[in-house]
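Chemist: This structure is in structure tokens; I'll ask about it shortly.
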Amino acid sequence: MSEKNDKTERAERLSVFKTYKLYVGGKFPRSESGRVYEVTDSKGKWLANAPLSSRKDARDAVVAARKAFGGWSGATAYNRGQVLYRVAEMLEGRRDQFTREVADAEGLSKSKAAAVVDATIDRWVWYAGWTDKIAQVVGGGNPVAGPFFNLSSPEPTGVVAVLAPQESSFLGLVSVLAPVIATGNTAIVVASENSPLPALSLAEVLATSDVPGGVVNVLSGRTAEIATPLASHQDVNAIDLAGADEVLAKELEIAAADNLKRVLRPQPVDYAETPGIDRLTAFLETKTVWHPTGSLGASGSAY
């Protein structure tokens, strides 16, 4: 009898549905408005309710990103690389979960979704390896006519709003986010409108991977509704329009011009291809320092 009761109890157990939340300043709040919207798979089957972010959520994310910028940009490049590699380790540990979410979001078979997740983790490791190398590629000594040392070095732009690609919910997301934070910027990510779950789950990985709170902030909802206040926000330094259509991109470019934001326009990208360093350099400023060489001895020889 007891064995029969055990089987009955197992059969009647209800699974625990996951409550997806925003990720702002290292915490997981619900949307300020309390709104949610239904997320479905490629066949229209309900998957979850995702937070529907408001303008207030966007402003809160900017405050968090600005607060985190000093510490993250001031960390050594080697340390940033270590932190980002830790993210890859945590992604590997949750590979099955992301495989399932990517398969649902993009209508892929389990094997193809697993390949996408593997490529995504590899992409994250690839960018983590660039943290202490990009300065050697885009910086260095410049030849000048005069007794001066002239040295250029890259510095992060600041707070960057990133509109994640709409179709590539995970590989595309990491391909636009990782280079932004690898170079010392902080980010506000607007997840894919129809497939936000991989981005919201990535936030859970970031929260347990030594990434300081506020370095990455993840919002879900209507892309146009969230992106518009970010594009016009005076404390956002740059915006990546990867997830905007042609009409929205034009509107956001106009709004971004108000405080001379850097704008990376949307362009056709095959995220499966190995990326170059274009996205690493897109949100870097170049600081150049002049210093007199001085002279040694009466001969005028210089060092």
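Chemist: Counting only trypsin sites (Lys or Arg not before Pro) that are in a DSSP loop and have at most 10 other C-beta atoms within 10 Å, tell me the longest site-free stretch of the chain.
Modeler: 46-303
Chemist: In addition: May I ask you to give the average projected area over all directions of the convex hull of the Cα atoms of the stretch 125-185, in nm² rounded to one decimal?
Modeler: For the stretch 125-185, averaging the hull's shadow over all directions gives 5.4 nm².
Chemist: Based on a Kirkwood Rh over C-alpha pairs, give the Stokes-Einstein translational diffusion coefficient of the chain at 10 °C and viscosity 1.306 mPa s in µm²/s.
Modeler: 77 µm²/s
Chemist: Under a 10 Å cutoff between Cα atoms, tell me which one of THR157, THR288, THR99 has the largest fluctuation in the Gaussian network model of the chain.
Modeler: The residue with the greatest mean-square fluctuation here is THR288.
Chemist: Keeping every protein chain present and rolling a 1.4 Å probe, give me the accessible area per residue for the chain in Å².
Modeler: Here the residues of the chain average 50 Å² of exposed surface.
Chemist: For the chain, what % of the accessible area comes from carbon and sulfur atoms, probe 1.4 Å?
Modeler: Roughly 53 percent of what the probe reaches on the chain is carbon or sulfur.
Chemist: Restricting to bridges with both residues inside the chain, how much of the DSSP beta-bridge set is antiparallel, in percent to the nearest 5?
Modeler: Beta bridges within the chain, antiparallel portion: roughly 55 percent.
Chemist: A follow-up question, please. Assuming a viscosity of 1.002 mPa s and a temperature of 20 °C, what translational diffusion coefficient in µm² per second does Stokes-Einstein assign to the stretch 192-294, Rh being the Kirkwood radius over Cα pairs?
Modeler: 132 µm²/s
Chemist: Here's another thing I want to ask about it. Sort PHE283, PHE17, PHE69 by accessible area with a 1.4 Å probe, largest first.
Modeler: PHE17, PHE69, PHE283
Chemist: Give LYS21/LYS43; LYS56/LYS250; LYS67/LYS250; LYS43/LYS112 a once-over and call out the pairs whose C-alpha atoms are over 20 Å from each other.
Modeler: Violating the 20 Å Cα-Cα cut-off are LYS21/LYS43; LYS56/LYS250; LYS67/LYS250.
Chemist: Moving to a separate point now. So who's got an amide H within less than 5 Å of the one on VAL162, skipping anything under 5 residues away but keeping other chains? H placed 1.01 Å off N, in plane.
Modeler: Here the answer is ILE188, VAL189, VAL190, ASP240, since their amide H atoms fall under 5 Å of that of VAL162.
Chemist: Once the dipole of the stretch 173-271 is set up with Lys and Arg at +1 and Asp and Glu at -1 on Cβ about the Cα centre, which of ALA182, GLY213, LEU200 lies farthest towards its positive end?
Modeler: Value computed over the given set: ALA182.
Chemist: Another question about this same structure. Rg to Rh for the stretch 33-131: what is it, with Cα atoms only and Rh by Kirkwood?
Modeler: 1.07
Chemist: Under 20 Å between alpha carbons, and skipping anything fewer than 8 positions from LYS287 in its own chain: which lysines qualify?
Modeler: LYS133, LYS261
Chemist: A further question follows. Give, rounded to the nearest 20 debye, the magnitude of the charge dipole that the chain has about its Cα centre when Lys and Arg contribute +1 at Cβ and Asp and Glu contribute -1 at Cβ.
Modeler: Rounded to the nearest 20 debye, it is 520 debye.
The values are calculated or read from the model by the stated rules, or taken from the named source; none is laboratory data. Just so you know, these numbers come straight off a predicted model, no measurement behind them. Cβ sites come from the backbone with ideal geometry, for glycine too, and all protein chains shown count toward neighbours. What goes into the accessible areas is simple: the full protein's heavy atoms, side chains included, and nothing from ligands, DNA or RNA. Shrake-Rupley method; radii C 1.70, N 1.55, O 1.52, S 1.80 Å.
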